[in-house]
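J.: Next up is a structure, given as C-alpha cells.
The values are calculated or read from the model by the stated rules, or taken from the named source; none is laboratory data. As the structure is a computational prediction, the values presented were derived from the model and not from experiment. Don't worry about glycine lacking a Cβ; one is built from the backbone with ideal geometry, like all the others, and counts go over all protein chains shown.
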Amino acid sequence: MDRKQFLKKSIALGALGAAAPALISEAMANRTSDYDKLAEQVGFNHLPNKEEKTMNTVLHNADTRGFADHGWLKSNHTFSFANYYNPERVHFGALRVLNDDKVDGGKGFGTHPHDNMEIISIPLAGDLEHKDSMGNVAVIKEGDVQVLSAGTGIFHSEYNKNEDEEVQFLQIWVFPNKKHVEPRYDQVAINDLVQDNEISQILSPNEDDQGVWIHQNAWFSIANFTEDKELQYDLHAEGNGVYAFVLEGDLNVDEQELSKRDGYGVWDTDKITVKGKTGSKLLLMEVPMSI
C-alpha cells in the first residue's frame, strides 16, 4: 500500500481501525456495543480551515480542531481523523495524529488493529487500561508515557480503568522510518524525568536515551513552568520541525502567543524560543518534515 492509499485508509478508519465485530475479542464481547456505536454516530464537526500559515510556521488554534461527541467519548482532532477531514490538516511532517480524548468511567475502545505506526499515549488525568495481542496488560496514568510500535500488526484495547471518573489522554501517531518491525510495547513514568522550568525529553529514537523510544528520528519533550521563564529548544536533526502543543496555561513560542490546546508548528529552523508563564505546560514534538 503506497503512502497516499495509507492516508486515505487511516483517515477513514481512524484510531479504531473500523474493526468489525469479528475483530472484537471474546474477552471484551460485553463491551462491544459502545465500540460499534462509534461507526454509526456522526457527531463530527467539519470546521472551515482557519489555520494561519507563514513561510515556515502554522498555527492551529484550539477551537479550530475537529470534534467528535459520542457521549462516552469526546475527542478533539488536531489533524484529519475518522469523519473529520481537512485537506490542509492531514499531518505535520511525520506527525500524523494528535487526538485529545476524554472517556467516561468504565468506557473505552474495544479490541482493534494497528500496523506500521508508532502510537504514543500520554494520560493527562485518570487511569487508562491497556491490553494487547502481545500479552501486555497495563495501566497508564498521569505522569506516564506509553509507546506502541505496531509494526507487522497488533490488536489492542484501551479502557478507562475507573468507573467513577473520566480519563483524559493524548493519543499521538507518528509515521515510522522502518516498516514491518516486530511489534513492541513500552511505558515509563516521566514524573522523575520532567524538571520544572526546563525542557525535559520524554521520547527519542534511541533505546538507551531518556524516556521511551520509537522507530523514527523524533524527539518529544515537556516543559512545565512554575515560574515565568524563557527557554531555548535546539532541534536535534536537520530537516526536522517542531510542533508545540499547549497542555496548560498561556505561553509564547517564537513570539507567537498561545493558549491551552493551541498548536503551533515551526520548521526550517535549528532552534525555537519558549517564554513560559507560571502554571503553563507545553509538549514539544520534533519530527522529520519529509515522510
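J.: Does Leu98 satisfy the criteria of being at pLDDT 95 or above and touching a His at 6+ places or on another chain (Cβ under 8 Å)?
T.: Spelling it out, Leu98 is indeed at pLDDT 95 or above and touching a His at 6+ places or on another chain (Cβ under 8 Å).
J.: Could you pull out every one of the strands (runs of 3 or more DSSP E) wholly within region 191-290 that has 1 or more residues that are among the hydroxyl-bearing types (Ser, Thr, Tyr) and surrounded by 15 or more Cβ atoms within 10 Å (Cβ to Cβ)?
T.: 199-204, 219-224, 229-234, 240-248, 263-266
J.: Let me ask you something else. Anything in region 117-136 that is of a type in the set (A, V, I, L, M, F, W, C) and assigned to a strand (DSSP E or B)? List them, or say none.
T.: Within region 117-136, Ile119, Ile120, Ile122, Leu124, Ala125, Leu128 meet the criteria.
J.: Oh, and also: Only residues that are outside any loop (DSSP other than H, G, I, E, B), of a type in the set (A, V, I, L, M) and more than 14 Å from the chain's Cα centre (by Cα): list them for region 142-156, please.
T.: Answer for region 142-156, where residues must be outside any loop (DSSP other than H, G, I, E, B), of a type in the set (A, V, I, L, M) and more than 14 Å from the chain's Cα centre (by Cα): just Ile154.
J.: Is it true that Arg89 is farther than 13 Å from Arg184 by Cβ, outside any strand (DSSP E or B), modelled with pLDDT of 95 or more and touching a Phe, Trp or Tyr at 6+ places or on another chain (Cβ under 6 Å)?
T.: For Arg89, the condition - farther than 13 Å from Arg184 by Cβ, outside any strand (DSSP E or B), modelled with pLDDT of 95 or more and touching a Phe, Trp or Tyr at 6+ places or on another chain (Cβ under 6 Å) - is met.
J.: Can you tell me which residue in region 58-76 is farthest from Leu98 (Cα to Cα), limited to those that are in contact with a helix residue (DSSP H, G or I) (Cβ under 9 Å, 6 or more places away or on another chain) and in a strand (DSSP E or B)?
T.: Among those residues, the one meeting the criterion is Leu73.
J.: Hey, does region 110-132 have a residue that's within 17 Å of the chain's Cα centre (by Cα), among the basic types (Lys, Arg) and surrounded by fewer than 22 Cβ atoms within 10 Å (Cβ to Cβ)?
T.: Checked region 110-132: no residue is within 17 Å of the chain's Cα centre (by Cα), among the basic types (Lys, Arg) and surrounded by fewer than 22 Cβ atoms within 10 Å (Cβ to Cβ).
J.: What pairs come up if the first residue lies in region 253-271 and is in contact (Cβ under 8 Å) with a residue 40 or more places away in the chain and among the β-branched types (Val, Ile, Thr), the second is crowded, with 19+ Cβ neighbours inside 10 Å and assigned to a loop (DSSP other than H, G, I, E, B), and their beta carbons are under 9 Å apart, counting only those six or more places apart or on different chains?
T.: Filtered contacts from region 253-271: no entries.
J.: At positive phi and touching an Asp or Glu at 6+ places or on another chain (Cβ under 9 Å): which single residue out of Asn197, Asn224 fits that description?
T.: On inspection, the qualifying residue turns out to be Asn197.
J.: While we're here: Looking at this structure, is Val139 assigned to a strand (DSSP E or B) and among the aliphatic types (A, V, I, L, M)?
T.: Yes; evaluated as a whole, the condition is true for this residue.
J.: For Ile140, work out the one condition from (1) at pLDDT below 95; (2) within 28 Å of Ile272 (Cβ to Cβ) it doesn't fulfil.
T.: Answer for Ile140: the failing condition is (2).
J.: For Arg184, only one of the following conditions fails: (1) more than 15 Å from Ile140 (Cβ to Cβ); (2) under 17 Å from the mean Cα position of the chain (by Cα); (3) surrounded by fewer than 21 Cβ atoms within 10 Å (Cβ to Cβ). What is its number?
T.: Going through the list (1) more than 15 Å from Ile140 (Cβ to Cβ); (2) under 17 Å from the mean Cα position of the chain (by Cα); (3) surrounded by fewer than 21 Cβ atoms within 10 Å (Cβ to Cβ), Arg184 breaks only (2).
J.: Please list, ordered by first then second residue, the pairs with beta carbon atoms under 7 Å, 6 or more apart or interchain, first in region 181-199 and in contact (Cβ under 8 Å) with a residue 24 or more places away in the chain and acidic (Asp, Glu), second surrounded by fewer than 16 Cβ atoms within 10 Å (Cβ to Cβ) and assigned to a loop (DSSP other than H, G, I, E, B).
T.: Pairs found: Glu182/Thr152; Asp196/Thr226.
J.: Between residues in region 147-173 that are free of Cβ contacts under 8 Å to residues at least 12 places away in the same chain and within 18 Å of Val137 (Cα to Cα) and residues that are β-branched (Val, Ile, Thr) and not in a loop (DSSP other than H, G, I, E, B), which pairs lie under 8 Å by C-beta distance while being six or more apart or on different chains?
T.: Listed pairs, sorted by first residue: none to list.
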